[in-house]
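This report refers to the structure that appears directly beneath it.
Values quoted throughout were computed directly from the atomic coordinates according to the rules given, and no laboratory measurement underlies them. Here the structure is a predicted model, which means the values were calculated and not measured. Positions of Cβ are backbone-derived with ideal geometry, glycine not excepted, and every protein chain shown enters the neighbour counts.
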Amino acid sequence: MKQKQNSKGNCKTEACGMTKDQMIEEMRKINEECNDNFEERKNALKILIGGIPVGNKVFVIVPVEDLHIDESYQRPVHSHVKTIAQEWDDMKCDPLKINYRKDGRLYVWDGQHRLVALKIMGIDYVLCVITMGLTQEQEAALFGCQGNGIKKPDPYDIFKANVCAGEKIDTAIRDMCDKFDLEVNRSKRAGNMSCLTLAREIFGKGDASYFEWVLDLLHKAKWNEFPQSHCHRVVNSLYEIRKSFEGESDFIQRKLITYLKKTTPDELLINSTVKYPQFKDDSKKLKLFLLDIINGDNEPVDGTIGSIGRYIA
């Protein structure tokens, strides 16, 4: 049941290519090794024996109440599930993709919104494609790679699945954010790191230490308390500055911390826009403004926010 990757980048798992007879043999083997969930295991075997093999897939009819969702890697159920239920069309609905785990339960790894919609409609049975014996990590990896669901997973959904599957870069990003009490989240609320795509690019370049420098700076400046403190424009501007000052990073960090402690993300954006209105890129404006702070160019500019006691461009 090893995970593979083909030339197009799609995840593959050997367990997905089992014949029906191989699945039955594997399920019996799994069940012989365990004594718990006897009734669930017995029912799962009956479901599989009644399955219909088509090509390299095995289709089964499963009671809705027998299906489980692993919330550790699945995305939250969204409000559009009610719309799915209202507009349900059996002809347009793909089979749910499920896996029989060693704990004796059937887990949905593709189709959880459809499952919730079925429960809303009171439908008792659903058509599924079954796989056999995948681990939680393998399910998560398949979920992160699949792209043909009713609602495609966004980068943050995939991040959650990748972390559960043990993917190297996303796991490292999660661990580093945990270190600084940050949550990887699309929301720009306080305490959230919302520039996931940028973080992946930075880690992919081998610049994880630069990213840590940025998070450490913002943490020491107590910016975790502000909304939009860890969004793309802030993190990218500081990352670019860190790359420019290889031998003076500690001094540069201390100088920026002194300034950032006396301002907020909103004030920083306003002041940088006042001084550099010719640039549309917020990240570039912030970078130039902060470089002025580093270089001691703190003469007030008409319209900026702050007092004489602050470092103001």
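Scan around Val58 for amide H atoms under 5 Å from its own, H built in the peptide plane at 1.01 Å from N, and keep only partners 5 or more places away or cross-chain.
Amide H neighbours of Val58, under 5 Å, 5+ apart: Ile130.
Can you give the local net charge around Ser229? Use residues other than it whose beta-carbon is closer than 11 angstrom to its beta-carbon, Lys and Arg +1, Asp and Glu -1.
Working: positive: Lys188, Arg189, Lys222, Arg233; negative: Glu225, Asp266.
Counting the neighbours of Ser229, the net charge comes to +2.
Mind scanning Lys179/Lys284; Lys160/Lys188; Lys160/Lys243; Lys220/Lys262; Lys160/Lys222; Lys57/Lys97 and naming the pairs with a C-alpha gap bigger than 20 Å?
Correct reply: Lys179/Lys284; Lys160/Lys243; Lys160/Lys222.
Could you put Ser229, Ser244 in order, starting from the residue whose Cβ has the fewest other Cβ atoms within 10 Å? Write out the running numbers ahead of the final one.
Working: Ser229 27, Ser244 13.
Least crowded to most crowded, the residues run Ser244, Ser229.
Taking all pairs of distinct Cα atoms, average 1/r, flip it, and tell me the Kirkwood hydrodynamic radius of segment 167-294 in Å to one decimal place.
14.6
Sort Tyr107, Tyr100, Tyr125 by Cβ crowding within 10 Å, fewest neighbours at the top.
Placing the least packed residue first, the sequence is Tyr125, Tyr107, Tyr100.
Work out, step by step, the length gained on full extension between Asp36 and Lys222: first 0.36 nm times the residue separation, then minus their alpha carbon distance; give nm to one decimal.
Length difference between fully extended and current span is 62.0 nm.
As a test, work out the antiparallel percent of DSSP beta bridges whose residues both lie in segment 17-145, rounded to the nearest 5.
The antiparallel fraction comes to roughly 65 percent.
Taking +1 at the Cβ of each Lys and Arg and -1 at the Cβ of each Asp and Glu, which of Cys128, Trp109, Ile84 sits farthest along the dipole of segment 62-131 towards its positive end, judged by Cα position relative to the Cα centre?
Selected residue: Trp109.
By counting other Cβ atoms within 10 Å of each Cβ, how are Met91, Met132, Met176 ranked from fewest to most?
Met91, Met176, Met132
Could you compute Rg(Cα) / (2.2 N^0.38 Å) for segment 183-230, with N its residue count?
1.11
Quote the FRET efficiency, to the nearest 0.05, computed for Ile52 versus Leu288 with a Förster distance R0 of 51 Å and r equal to the Cβ-Cβ distance.
Values: r = 65 Å, r/R0 = 1.26.
Plugging the Cβ-Cβ distance into 1/(1 + (r/R0)^6) gives 0.20.
Separation between the Phe245 and Asp207 pseudo-spin-labels, each 7 Å from Cα along Cα→Cβ, expressed in nm?
Distance between the two pseudo-spin positions: 1.5 nm.
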